[in-house]
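The values are calculated or read from the model by the stated rules, or taken from the named source; none is laboratory data. Here the structure is a predicted model, which means the values were calculated and not measured. Every residue, glycine as well, gets a Cβ built from its backbone with ideal geometry; the counts of neighbours run over all protein chains shown. Note: accessible area is taken over every heavy atom of the protein model, side chains too, but ligands, DNA and RNA are not part of it. Shrake-Rupley method; radii C 1.70, N 1.55, O 1.52, S 1.80 Å.
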Protein chains: 2
Amino acid sequence: MMLTYMPDLVGYIAAALTTASFLPQAILTIKTRNTESLSLGMYSAFTLGVLLWLVYGIQKQDYAIIMANLITFVLSGSILCYKIYNTIKAKKKKP
Amino acid sequence: MMLTYMPDLVGYIAAALTTASFLPQAILTIKTRNTESLSLGMYSAFTLGVLLWLVYGIQKQDYAIIMANLITFVLSGSILCYKIYNTIKAKKKKP
C-alpha cells in the first residue's frame, strides 16, 4: 500500500477528515435544531478536550494542532450550545 | 496557570477527553437506537479519519496514538453502523 511510505500524508488526511467531519454535524444541528439523539456528555467532554488540544498546540507552538482544534472547537462548541439550550428548554416544560 | 508548565499533561488529558467522549454517545445510541439528529456525513468522515490516525500511529509506532484511536474507532464505528442501519430502514419505508 502506497500510504505505508507516507506517514505524514496519512496524518494530514486523518487530521483533515476528523476536523472536517464536524461540519456536516454542525450544519445538520443548526438547520434542524434537533439534538435529541446527541449526547450532552459527549459534546461536553469533547469540546473541553478540543479546548485542551488547543492549549497544548499553543504551548508546543504547533500551528497544525492549533488550526485543526480551533476549527473543531468552534463547530463542536456550536453543537454543544444547541444541545444545552434544548436540554434546558425540555426541563422547563416538564413540571 | 499551572497547566502552562505541563504541555504533555495537557496533551494526555486532552487525548483522554476526546477519546472517552464517544463512550456516552455510543451508550446513548445503542440504548435508544435513535440516530435522527446524528449526521451520517460526520460519522462516515470521522470514522475514516480515526482509521487513518490508527494507520499513522502504527507507521510511527506511537502506542498512545494507536490506543486512543483504536478505542475511538470501535465507538465511532458502532455509532456509524446504527446510523447506516437506520438510514437504510428509513429509505425502505418511503416508496
Item checked: Phi-based couplings in Hz for the stretch A:21-37 (Karplus 6.51, -1.76, 1.60; Gly and Pro marked x) -> 4, 6, 5, x, 5, 5, 4, 4, 5, 5, 5, 8, 6, 8, 10, 3, 9
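What net charge is computed for the residues neighbouring A:L52, neighbours being all others with C-beta under 13 Å from the C-beta of A:L52, Lys and Arg scored +1, Asp and Glu -1?
Working: positive: A:K60; negative: B:D8.
For residues surrounding A:L52, the net value is 0.
How would you order A:10-21, A:82-93 from highest to lowest mean count of nearby Cβ atoms within 10 Å?
Numbers: A:10-21: 19.3, A:82-93: 12.2.
So the peptides A:10-21, A:82-93, ranked by packing, come out A:10-21, A:82-93.
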Margin query: Nearest 100 Å² is fine: what is the total accessible surface buried where chains B and A meet, probe 1.4 Å?
Written below: 3100
Check: If the cut-off is 17 Å between C-alpha atoms, which aspartates and glutamates fall inside it for A:K93, apart from same-chain ones fewer than 8 positions away?
Finding: A:E36
Checklist line | Residue-count net charge about A:N86 - beta-carbon cut-off 9 Å; Lys, Arg +1, Asp, Glu -1 | finding: +2
Next item on the list: Find every distance from the label point of A:A16 to the corresponding label point in the other copies (7 Å from Cα along Cα→Cβ) and write them in nm, one decimal, shortest first.
Entry: 3.3
Note to self: Which one, B:L17, B:L48, B:I66, projects farthest toward the positive side of the charge dipole computed for chain B from Cβ point charges (K/R +1, D/E -1)?
What the structure shows: B:L48
Check: Which value, in debye to the nearest 20, describes the size of the charge dipole of the protein assembly as shown about its Cα centre when Lys and Arg Cβ atoms bear +1, Asp and Glu Cβ atoms bear -1, and nothing else is charged?
Finding: 1480
Next item on the list: Pop out the carbon and sulfur fraction of the accessible area of chain B as a percent, whole number, probe 1.4 Å.
Entry: 71
Note to self: Debye calculation, C-alpha points only, no solvent: report log10 I(q)/I(0) for the protein assembly as shown at q = 0.11, 0.13, 0.17 Å⁻¹, in the same order as the q values.
What the structure shows: -0.51, -0.70, -1.14
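In deg cm²/dmol and to the nearest 500, what is the mean residue ellipticity at 222 nm of chain B if only DSSP H runs of at least 4 residues count, each as -39500 (n - 2.57), divided by the residue total? Show your work: numbers first, answer last.
Numbers: 4 runs with 77 residues, N = 95.
That comes out to -27500 deg cm²/dmol.
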Notebook entry, point to check: Pairing the Cα long axis of helix B:7-20 with the longest principal axis of chain B, what angle in degrees results, from 0 to 90 and rounded to the nearest 10?
Noted result: 20
Notebook entry, point to check: On full extension of the chain, what length is gained from A:I27 through A:C81, given 0.36 nm per residue of separation minus the C-alpha to C-alpha distance?
Noted result: 18.1 nm
Notebook entry, point to check: For A:I71 and B:Y12, FRET efficiency with R0 = 25 Å and r from the beta-carbon atoms, rounded to 0.05?
Noted result: 0.65
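If eta is 0.890 mPa s and T is 25 °C, what Stokes-Einstein diffusion coefficient results for the stretch B:2-93, Kirkwood Rh from Cα pairs, in µm²/s?
On the way: Rh = 14.5 Å.
Stokes-Einstein gives a translational diffusion coefficient of 169 µm²/s.
I'd like to check one number: the per residue accessible area of chain A, probe 1.4 Å, reported in Å² as a whole number.
Dividing the accessible area of chain A by its residue count gives 59 Å².
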